[in-house]
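J.: Mind having a look at this structure? Questions to follow.
A short reminder: the numbers here are calculations on the coordinates, not readings from a lab. What you see is a predicted model; the values in this text were computed from it and never measured. With ideal geometry, Cβ positions are generated from the backbone for all residues, glycine too; neighbour counts draw on all protein chains shown.
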Amino acid sequence: MKDITQQDVAHALSSAPWVMVTTARHDGKLLAHPMVPQQVTDNCDVWFFLSLAGDQSEALRQGPQVNLSVAEAGTWLSVSGHVEFVEDQAKIDELWNDRAAEWFEGGRTDPALGLIRVSTDSAQFWGTPGGKARSIAELVKSRVTGDEPAGGSDTVPL
């Protein structure tokens, strides 16, 4: 398996329609929510909108360490990082879109609208680069040749 690169991680995060964001509450229980990445930077920082009312916002303020996970047929990505709440109306305006408008009835100035940036630390990848079709082809090839299928796991600091 080729080494995963920071560019591979950024591409996987930016092409995902949503990612699971997991954090630990103050009592130690894990809390996970599907969230839509609004922007992924070249260094793999990820921007999200979130509701400031609710368990997730509270948990992120108490324990900003998070895991972002993406699963597609044949591949899985797990990214660790930490959250920073950002108060920046210009950034909200830059990222605002129709999908966000569906969640926040008050629009860009909704008092429940929050903006967070996840600064990522490292990523782990499991699977076969090339997705489901490549995974199936590698499995068939391994059955015919007796060789180990391509794939595996890799970790990259971000």
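J.: Could you check the simple spin-label distance between Arg25 and Asp3, using points 7 Å along Cα→Cβ, in nm with one decimal?
T.: Going by the 7 Å Cα→Cβ label model, 4.2 nm.
J.: Hey, another quick one. Note down the nm distance, to one decimal, between modelled labels 7 Å out along Cα→Cβ at Thr155 and at Glu87.
T.: A separation of 3.7 nm, rounded to one decimal place.
J.: Shifting gears a bit: How high is the FRET efficiency between Trp126 and Ser51 when r is their beta carbon distance and R₀ equals 35 Å, given to the nearest 0.05?
T.: So the FRET efficiency works out to roughly 0.65.
J.: Share of Cα-Cα pairs in the range 1-113 beyond 18 Å, in percent?
T.: 53
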